[in-house]
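Notes follow the structure.
The values are calculated or read from the model by the stated rules, or taken from the named source; none is laboratory data. This is a predicted model, so every value here is computed, not measured. FYI the Cβ positions are ideal-geometry reconstructions off the backbone, even for glycines, and counts take in every protein chain you see.
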Amino acid sequence: MNVTEKTKITPWEVTGKVDYEKIMTKFGTEPIDQKILKQLSDLTSGDIHFMLRRGIFFTHRDLGWLLNRKKAGENFYLYTGRGPSDHTHIGHLVPWVFTKWLQEKFHAKLIFQITDDEKFLFNENLDSETTHSLALDNALDIVALGFDPKLTEIMIDTDRSGLLYPQAVKIAKKITFSTVKATFGFDQSANIGMIFYTSIQAVPAMIESVRNGKNIPCLIPYGIDQDPHFRIARDVLPRLGYLKPASIMSIFIPPLSGVDGKMSSSDPNNAIFVTDSEAVVKRKINKYAFSGGRTSVEEHRKLGGDPDIDVSYQWLKIMFEPDDSKLKKIHDDYRSGALLSGEMKAILIERVNSFLKRHQEARERAKSTLQVFLDDH
Ligand code: TRP
């Protein structure tokens, strides 16, 4: 990666070095600090997900408020989503795994929006049949993770227009063209569907209040790149009489090529897809995972490696090694030089493949239960 590359963060593209402190200041979000962790731990009988302990989910808006209301007996619902531009990759699963934990801990209903309309509008090369069939394909990965079918409703946008559209127009009427241009950086060549789209992504943040005829708090977990959409939603929803959604945001999942930027489907060698075979996973990690190791074994033994820039270590930390003491040993052994780069990769390959084996089986089974998730809840 070119160090002079400029940092760029939009809902559609992330490049360059990311400074998460700066993002919080710029976006005006709060850190996940000891106080919030204590509030969470009080409500989850002391269980704090490792993604919270490790700063994978690092920032929020109004989470303290939402947890206080929960403590006082008021339930909230969860909302997250997926833009179906390709098969699901490992980076997508990180916030979903966390969302599932939230669902279990808080027994919360989840609305999972699949934005096939978005991916159609924003990608020159995708037609609407493709984005719709990718929506169904991606939905299998959501089901395969084991969300509760009674509490989880998957909404594919183009299949749920009857529900979404009447609300989206109310939202759209409160958003000006200049706000959208300034927020997303569109120029004169943007198609008009792109300009309208953010109102569709805002609907699930109020839909349970609409359906129940009373305000129900909403918590949205997402990768920080989605923040511009929800800044707009938080501005508009109160003007329609609804609550501002609370949110909890994660860092980006690094591509195999290095710890900067975000895993994306556009370079298949930089991402591991849930449909990859064991052999492909092994080849991709061995060949492409950026290593923080030294150039020779002798040097590595003497000087040790750098886990902070080692993508295999980072993936273990972000998703594949939940046990803190095991992770610490891997970290310390790598720093000291006792653990070699190839050994680090071997640990990750084993973890990813055993995860994918189970996931791929669950994905097959999901084909027969999918409809339950797609039905109106
Ligand atoms: N725009 C998101 C994407 O491209 C999909 C999405 C819709 C989403 N609603 C969401 C993501 C809510 C997180 C939370 O992936």
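One line per residue, one yes/no per condition, for (1) in contact with a Leu (Cβ under 9 Å, 6 or more places away or on another chain); (2) surrounded by 15 or more Cβ atoms within 10 Å (Cβ to Cβ):
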{"position": "I36", "(1), (2)": "yes, yes"}
{"position": "Q39", "(1), (2)": "yes, yes"}
{"position": "R54", "(1), (2)": "yes, yes"}
{"position": "T59", "(1), (2)": "no, yes"}
{"position": "K71", "(1), (2)": "yes, no"}
{"position": "V94", "(1), (2)": "no, yes"}
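May I ask you to list the residues in segment 72-89 that are under 16 Å from A202 (Cβ atoms) and in a loop (DSSP other than H, G, I, E, B)?
G83, the sole residue that qualifies.
Do we find a residue being modelled with pLDDT under 95, surrounded by 15 or more Cβ atoms within 10 Å (Cβ to Cβ) and touching a strand residue (DSSP E or B) at 6+ places or on another chain (Cβ under 9 Å) anywhere in segment 271-286?
Within segment 271-286 (the criterion being modelled with pLDDT under 95, surrounded by 15 or more Cβ atoms within 10 Å (Cβ to Cβ) and touching a strand residue (DSSP E or B) at 6+ places or on another chain (Cβ under 9 Å)), the answer is yes, since at least one residue qualifies.
What is the number of the single condition among (1) surrounded by fewer than 18 Cβ atoms within 10 Å (Cβ to Cβ); (2) farther than 29 Å from T183 by Cβ; (3) out of contact with any helix residue (DSSP H, G or I) (no Cβ under 8 Å at 6 or more places or on another chain) that D267 does not meet?
Only one criterion in (1) surrounded by fewer than 18 Cβ atoms within 10 Å (Cβ to Cβ); (2) farther than 29 Å from T183 by Cβ; (3) out of contact with any helix residue (DSSP H, G or I) (no Cβ under 8 Å at 6 or more places or on another chain) is unmet by D267, namely (2).
In segment 172-190, how many residues are of a type in the set (G, A, S) and within 17 Å of E13 (Cα to Cα)?
Quick first cut of segment 172-190, residues of a type in the set (G, A, S) only: 172, 178, 182, 185, 189-190.
Okay, now just the ones that are also within 17 Å of E13 (Cα to Cα), so 182, 185, 190.
Of the residues in that region, 3 qualify.
In segment 29-55, how many are in a loop (DSSP other than H, G, I, E, B), touching a Lys or Arg at 6+ places or on another chain (Cβ under 8 Å), at pLDDT 95 or above and not basic (K, R)?
Total meeting the criteria: 2.
May I ask you to list pairs of residues, at least six apart or on different chains, whose Cβ atoms are under 6 Å apart, with the first in segment 202-227 being more than 10 Å from the ligand (Cβ to nearest atom) and the second being among the hydroxyl-bearing types (S, T, Y) and part of a helix (DSSP H, G or I)?
Correct list of pairs: N215/S209; I216/S209.
Go through segment 121-135 residue by residue and tally those that are hydrophobic (A, V, I, L, M, F, W, C), touching a helix residue (DSSP H, G or I) at 6+ places or on another chain (Cβ under 6 Å) and buried (at least 21 other Cβ atoms within 10 Å of the Cβ).
Count: 1.
What single numbered condition from (1) more than 19 Å from I56 (Cβ to Cβ); (2) buried (at least 16 other Cβ atoms within 10 Å of the Cβ); (3) hydroxyl-bearing (S, T, Y) fails to hold for S312?
The one condition S312 does not meet is (1).
Going through S189, S209 one at a time, which residue ends up being part of a loop (DSSP other than H, G, I, E, B), among the small types (G, A, S) and surrounded by fewer than 23 Cβ atoms within 10 Å (Cβ to Cβ)?
That would be S189, the only listed residue that is part of a loop (DSSP other than H, G, I, E, B), among the small types (G, A, S) and surrounded by fewer than 23 Cβ atoms within 10 Å (Cβ to Cβ).
Yes/no per residue for (1) surrounded by 18 or more Cβ atoms within 10 Å (Cβ to Cβ); (2) of a type in the set (G, A, S):
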{"position": "G293", "(1), (2)": "yes, yes"}
{"position": "L303", "(1), (2)": "no, no"}
{"position": "D308", "(1), (2)": "no, no"}
{"position": "I318", "(1), (2)": "yes, no"}
{"position": "S325", "(1), (2)": "no, yes"}
{"position": "D333", "(1), (2)": "no, no"}
{"position": "S341", "(1), (2)": "yes, yes"}
{"position": "K345", "(1), (2)": "yes, no"}
{"position": "R351", "(1), (2)": "no, no"}
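Exactly one of these conditions fails for K17: (1) assigned to a helix (DSSP H, G or I); (2) surrounded by fewer than 17 Cβ atoms within 10 Å (Cβ to Cβ). Give me its number.
(1)
Can you confirm whether segment 149-165 contains a residue that is part of a helix (DSSP H, G or I), within 16 Å of the ligand (Cβ to nearest atom), touching a Ser or Thr at 6+ places or on another chain (Cβ under 6 Å) and free of Cβ contacts under 8 Å to residues at least 40 places away in the same chain?
No.
Which ones in segment 123-148 are more than 14 Å from the ligand (Cβ to nearest atom) and touching a Lys or Arg at 6+ places or on another chain (Cβ under 7 Å)?
L140, A144, L145, G146, F147
Check F120, F106 and return the single one that is out of contact with any Pro (no Cβ under 9 Å at 6 or more places or on another chain) and within 15 Å of the ligand (Cβ to nearest atom).
F120
Picking from K262, K244, which residue would you name as being part of a loop (DSSP other than H, G, I, E, B), more than 10 Å from the ligand (Cβ to nearest atom) and over 19 Å from the mean Cα position of the chain (by Cα)?
Of the residues listed, the single one that is part of a loop (DSSP other than H, G, I, E, B), more than 10 Å from the ligand (Cβ to nearest atom) and over 19 Å from the mean Cα position of the chain (by Cα) is K244.
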